[in-house]
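Step one of this worksheet: look at the structure below.
The values are calculated or read from the model by the stated rules, or taken from the named source; none is laboratory data. A quick note: this is a predicted structure, and the numbers were derived from the prediction, not measured. Positions of Cβ are backbone-derived with ideal geometry, glycine not excepted, and every protein chain shown enters the neighbour counts. These accessible areas exclude ligands, DNA and RNA; they are computed on the full protein's heavy atoms, side chains included. Shrake-Rupley method; radii C 1.70, N 1.55, O 1.52, S 1.80 Å.
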Amino acid sequence: MNAPNLSLKGLDLRAEIDRLRKEKNAVILAHYYQAPELQDIADFIGDSLDLSRKAAATDADVIAFCGVRFMAETAKILSPDKIVVLPDMDAGCSLEDSCPPDQFKAFREAHPDHIALTYINCSTEVKALSDIIVTSSSAETILAQIPKEQKIIFGPDKNLGGYLARKTGRDMLLWPGVCIVHEAFSETELLKLKAQYPGAPVLAHPECPGHILDHADHVGSTKAILDYALNSPSDVMIVATEPHIIHQMEKAAPNKTFIGAPGADGNCNCNMCPYMALNTMEKLYIALRDLQPRIEMDEDLRLAAKKSLDRMLDMAGRTVGQGDVGKPIITGA
Ligand code: 13P
Ligand code: SF4
């Protein structure tokens, strides 16, 4: 395929994207880490769980996914009859990169008595090798439904896994992956900021390492952090996750001040997700115009990955504490 013509000077991209969205019966889904202009043009903005649910339920013909590749692949797994386009196919994820399927398979085979509870930030191949997928917003609910005696492998994020292990007391074997963005926050700089804004709550994503989470007043998914920020009586808050989420906070609560937690150099540029940043308005326009680049996958692989995702969607919707906890619902992948 020829490289797309990127000389788009003079086009009103907002209007063109709107026109194409109607013409192609497309829905634009965006993650909170996308650039503000992509968030603003999206039909729906959400965390990984809500975006998966939206992708599974849409009646659009085309899903234009403004997020990273594993999110767009999840949309395709759950909605195989839709055309799913990702503005930049290089929009990967360091957690996915940290977990090559062949190594994950070997790890599983070395622990045959463990089930694999796997963070959604992984490849379709790793999803196919897993028993249950979790997102940061559903992990605790799902973990609470797994019998206490069941041994668990958790991958690929050792920070999310460590947080869950500390919070629930579950002993899990952790895959040693990290998110390069959340790893970059500096505890020293965070403490300086806390001293500068005494009383300002710290809101953190569980992909942050433990030494950052130790200073957090609230730990949660992007959506949970946003909800907390909007409902908090505080006027100033420190946000320890990818800073583009602050766009939604400022839109919904313009009178509050949201400060991005700093990296080691004292500014937060190192905490911008370089993969999310690959998507732009120009590339979204081209993706809708050409219906490329498109997510495609082998059908057997899709069906294998769908099993673990379907378990997530089912278990994430259950209410813990109403008879589900400890029920032996896992039978293996
Ligand atoms: P959420 O599911 O909380 O939106 O997280 C996705 C992600 O990639 C965070 O780095
Ligand atoms: Fe992956 Fe981290 Fe970017 Fe999220 S912020 S997509 S975990 S690299």
Item to check | Pairs with Cβ under 6 Å, 6+ apart, first in segment 81-97 and closer than 18 Å to Ala57 by Cα, second open to solvent by less than 10 Å² (accessible area, probe 1.4 Å) and assigned to a loop (DSSP other than H, G, I, E, B) | outcome: Val84/Ile295
Checklist entry - Name the residues in segment 233-257 that are open to solvent by less than 20 Å² (accessible area, probe 1.4 Å) and not β-branched (Val, Ile, Thr), would you? => result Met237, Ala240, Glu242, Met249, Ala253
Item to check | Enumeration of residues in segment 110-136 that are among the charged types (D, E, K, R) and open to solvent by 10 Å² or more (accessible area, probe 1.4 Å) | outcome: Asp113, Glu125
Checklist entry - Which condition breaks for Phe44 when tested against (1) farther than 13 Å from Ala287 by Cα; (2) at pLDDT 95 or above; (3) over 18 Å from the mean Cα position of the chain (by Cα); (4) surrounded by fewer than 19 Cβ atoms within 10 Å (Cβ to Cβ)? => result (3)
Next on the checklist: Kindly evaluate Ala277 against the criterion of being of a type in the set (Gly, Ala, Ser) and surrounded by 17 or more Cβ atoms within 10 Å (Cβ to Cβ).
Outcome noted: no
Checklist outcome for this item: For Ala106, the lone unmet condition from (1) closer than 26 Å to Met172 by Cβ; (2) within 16 Å of ligand 1 (Cβ to nearest atom) is (2)
